[in-house]
Structures are given as structure tokens and as C-alpha cells.
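This report concerns only the one structure given below.
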Amino acid sequence: MSAYLNALGVICALGRGQAEVSRSLFAGDCSGMRAEGGWVPERVLPVAGVQGELATIPTELGQQSSRNNQLLLEAALQIEGEIRQAIHTYGASRVGIVLGTSTSGIDEASRGIAHFLREHQFPGDYDYQQQELSAPANFLADWLQLSGPAYVISTACTSSARALMSAQRLLDLGVCDAVICGGVDSLCKLTLNGFSSLEAVSNERCNPFSVNRNGINIGEAAVLFLMSKEHAPIALLGSGASCDAHHISAPEPTGKGALQSMRKALASAGLQPGQIGYLNLHGTATQHNDAMESLAVASLFPQGVACSSTKPMSGHTLGAAGALEAAFCWLSLVHNRLPPHVWDGQADPALPALQWATAGATLEKRCLMSNSFAFGGNNVSLIIGGAP
């Protein structure tokens, strides 16, 4: 059963709302990626942060105040009208929430613990609820006064892609009539230092699939779709997931898990590879990810498919990445344009050649695929397209 994507709220380094994000995305604008110190000791790193003030958490929900929830509120306010209409139509118990995150309120918790170690007490604004993985879904449910299913999925960088899959399952099972789904993650020292300790963070803007690639850039984002059975121009046509469990952090080098998730997504949608008009690559710009992904893509699309990694513009938004890149596909369908592949143009001769989308390229086929891969060999592919 198709799950229609009726509305989209989005905020990331590319902008706030569909218009700003689209303008930057299709122009290949990387200006949201800025070099900043203070995240990792003795390093200045490019990060893709959201600039400026964020929406204020309502006073009655003050205990749930966190940067993640502020980002989430920004995205929700963009589509509040559509959400409120769905609640009015279906009832508060029939509207669900499924989100993906990897950070939740861990940055606020880290600061609270640091304060405790110095002062032997937690700061007045600290609340344990802030750091629970369920916190973003709980906050949204409380703000909207919903009583339907509300939960968070945390599978690292596939979290919000899995949230969309889970949302569709709630519709298919008849548990919900509409689901608010997506993901949120914010910049925090814990994440940046963790990836830095893995020697996975680049000192420069990331350079996916280049022979000169040397690591990722971290970003932040919040993305919300309103998914329902109510017909809309754009739908989640199919999805596929696999877990090759090759290594706790390194991808399976042949790309067999990635290939399996893509094939499952095609089978789920009833499509052949030649019907895909664009592929948003996971494309983190690490040595191992880009190598295995290019092998998988070349195997599945021997005739080629227009593709790009959007992470030089948005950064790797971790738990929000799957939903954010699904949103980029949604916007491509709306504007009939493709996000360009931003890199130095120096192809890695050890990798299969892929067909890179360029600035100004238009969409010729109305089915798009987005890949998300995560620690532990966790792989998800989504297909978004014109509604049947």
C-alpha cells in the first residue's frame, strides 16, 4: 500500500522551509558549511549548523527544552496547519509519531553532568527527560496533545529512514490514519569527538567519491513528513532494509548489504532499476563507505543512474540523514530538478565510475531512491515518487 507524503517541514544548514532549502539545494550551495572551533579540542572543523535563533519551547513544556526539540518545533510549525487538520479529521488517538535520532538531548545532559562534577549538583534547568531517546517523540506528542503511538528509532545513520518505514507499517496495519514521521539531530561535542576519535572527520569540506576524500562533516537538521492514506502527489513507493553485521563501524567492503537493501526497495515498489531517475547516495566521503557504495550502485545500475551525495551541502546529519535526504527527493519531484554532486571532480580510479548529477539537471523519471547506511551494517533504501 502506498503511503502518501502530504506535507514536509524541514530545517537544516541549507535553510528553513521548503523554499530556502530548495534554492540552496539545487544551486549546490555549500555556504551553510562553516569552519568552527570549540567542538573538538585543538581542531577547527567544518560543521553544517543551523544559524540564528530557534523557536522557543512553550513554557508549559519547559522541562523538555533541548536544541533537538527546538529544531523539531521549527519543522513542525512549518506544517502545523496540515497536522492540525489531520488531528481534527482522524482524532488524537489515530495520529502517530515516529522519529529517528541519535543525539536526543545528550548535549544538554553532557553540560548538566559537567556542571554536577564542578558544583556537586545539577543545574536548575536540567531534567533527565531531555536525554531519553524517546524525548523528541514525547515532546511532539505533548505539544500536539496526541494519544496515538509515539516513539523514536535509533539505528545510527539509518534512524529516520527506518522511521518512514515504520510509519508506513502503522498505516498498513490500520493502527493509525496519519503519522508524523521524520528525524532530528543536533550538533554536539559528544558526536563530533566520537567521530573524530574514529579518525573519520575531515578538516575540509567533505569530498564524496573523490580520490582525495578523507572523511565526513557533521551537520544538524529536523525533518517532518505528514504521511497518510489520503492521496497526494508524492508517495513513499517502496523501502528495503538489510543488516550485514560486518563490523561495528566499518561497512561490508563488497557492498552486498547495500545492494540487498536497494533490491528489496525496488521489489517493494514493483520497479526495475531502469525506472529510477535519481539516486541520493549515502556518500559520506569516507574511504570505505564510498568504495562499497559505488560497487553496489554500479552492480545494480549497469546502465547508470543520475546520482549525487548532498552531504557537502547539508553535512552528515546522522539520525536525521535518512529523512533529510528523502526530503531532498521530495523537493526534486516538486521542482523537477536534481541536487548536483559537489566535489573536486577528481574521480577515484579504484572505484567504478558513476553518473553524477550536475547543477541545472532535470528529473526525467518520477521515481527516486535514497540510500542510508549505518554502524553495524545497518542499511536502508527508500523509493519516493509520483503517487500511483
Task: Output for the stretch 34-49, where each listed residue is open to solvent by 60 Å² or more (accessible area, probe 1.4 Å), without any contact (Cβ under 8 Å) to a residue 24 or more places away in the chain and not in a loop (DSSP other than H, G, I, E, B) - done: R34, A35
Task: Of residues in the stretch 1-18 being in contact with a Ser or Thr (Cβ under 8 Å, 6 or more places away or on another chain) and either polar (S, T, N, Q) or free of Cβ contacts under 8 Å to residues at least 60 places away in the same chain (or both), the one surrounded by the fewest Cβ atoms within 10 Å (Cβ to Cβ) - done: G15
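Tell me, please, whether a residue that is over 22 Å from N378 (Cβ atoms), in contact (Cβ under 8 Å) with a residue 40 or more places away in the chain, among the small types (G, A, S) and not in a helix (DSSP H, G or I) can be found in the stretch 239-248. Outline the logic, then answer.
We begin by selecting, within the stretch 239-248, every residue over 22 Å from N378 (Cβ atoms); these are none.
The answer is no; no qualifying residue exists.
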TODO: With the checklist (1) in contact with a strand residue (DSSP E or B) (Cβ under 7 Å, 6 or more places away or on another chain); (2) aliphatic (A, V, I, L, M); (3) crowded, with 24+ Cβ neighbours inside 10 Å; (4) not in a strand (DSSP E or B) in hand, flag the one item L382 doesn't pass.
DONE: (4)
Open item on the list: I'm trying to understand the selection: among the residues of the stretch 50-88, which are free of Cβ contacts under 8 Å to residues at least 40 places away in the same chain and either open to solvent by less than 10 Å² (accessible area, probe 1.4 Å) or polar (S, T, N, Q) (or both)?
Closed with: Q51, T56, T59, Q70, Q85
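May I ask you to verify whether S308 is without any contact (Cβ under 8 Å) to a residue 60 or more places away in the chain, open to solvent by 10 Å² or more (accessible area, probe 1.4 Å) and hydroxyl-bearing (S, T, Y)?
Against the criterion (without any contact (Cβ under 8 Å) to a residue 60 or more places away in the chain, open to solvent by 10 Å² or more (accessible area, probe 1.4 Å) and hydroxyl-bearing (S, T, Y)), S308 does not qualify.
Residues are listed down the side, and each one gets a yes or a no for (1) open to solvent by 10 Å² or more (accessible area, probe 1.4 Å); (2) free of Cβ contacts under 8 Å to residues at least 40 places away in the same chain; (3) over 25 Å from N379 (Cβ atoms):
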residue	(1), (2), (3)
G174	yes, yes, yes
V179	no, no, no
T191	yes, no, no
G194	yes, yes, no
A200	yes, no, no
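For the stretch 149-158, state whether one or more residues are closer than 22 Å to M227 by Cα and more than 19 Å from the chain's Cα centre (by Cα). Let's see the steps before the verdict.
At the first step, the residues of the stretch 149-158 found to be closer than 22 Å to M227 by Cα are 149-155, 157-158.
Now drop any that are not more than 19 Å from the chain's Cα centre (by Cα), which leaves 149.
Yes, because at least one residue in the stretch 149-158 is closer than 22 Å to M227 by Cα and more than 19 Å from the chain's Cα centre (by Cα).
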- [ ] Considering every residue within the stretch 247-267, establish whether at least one is open to solvent by 10 Å² or more (accessible area, probe 1.4 Å), at positive phi and out of contact with any helix residue (DSSP H, G or I) (no Cβ under 9 Å at 6 or more places or on another chain).
- [x] no
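Can you tell me which residue is modelled with the lowest pLDDT among those in the stretch 179-228 that are of a type in the set (D, E) and more than 16 Å from the chain's Cα centre (by Cα)?
Here is the first cut: in the stretch 179-228, the ones of a type in the set (D, E) are 185, 199, 204, 220.
Restricting the remaining residues to those that are more than 16 Å from the chain's Cα centre (by Cα) gives 199, 204.
On the way: E199: 90, E204: 97.
In this case the residue turns out to be E199.
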- [ ] List the number of the failed condition for M292; all other conditions in (1) open to solvent by 10 Å² or more (accessible area, probe 1.4 Å); (2) of a type in the set (A, V, I, L, M, F, W, C); (3) more than 24 Å from S31 (Cα to Cα) hold.
- [x] (1)
TODO: Report yes if some residue within the stretch 230-238 is open to solvent by less than 40 Å² (accessible area, probe 1.4 Å), among the β-branched types (V, I, T) and under 26 Å from S314 (Cα atoms); otherwise report no.
DONE: yes
TODO: Considering only residues that are among the hydrophobic types (A, V, I, L, M, F, W, C) and part of a loop (DSSP other than H, G, I, E, B), look in the stretch 89-122 and name the one that is surrounded by the fewest Cβ atoms within 10 Å (Cβ to Cβ).
DONE: A92
Task: Candidate set: the stretch 64-113, residues that are within 21 Å of T317 (Cβ to Cβ) and among the β-branched types (V, I, T); chosen: the one modelled with the lowest pLDDT - done: I106
Open item on the list: Please verify whether A27 is under 16 Å from the mean Cα position of the chain (by Cα) and either closer than 19 Å to F328 by Cα or open to solvent by less than 60 Å² (accessible area, probe 1.4 Å) (or both), treating the condition exactly as stated.
Closed with: no
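The values are calculated or read from the model by the stated rules, or taken from the named source; none is laboratory data. Being a predicted model, the structure only gives us computed values, none of them experimental. Note that we place each Cβ from the backbone using ideal geometry, even for glycine, and neighbour counts take in every protein chain shown. SASA here: full protein model, heavy atoms, side chains in, ligands and nucleic acids out. Shrake-Rupley method; radii C 1.70, N 1.55, O 1.52, S 1.80 Å.
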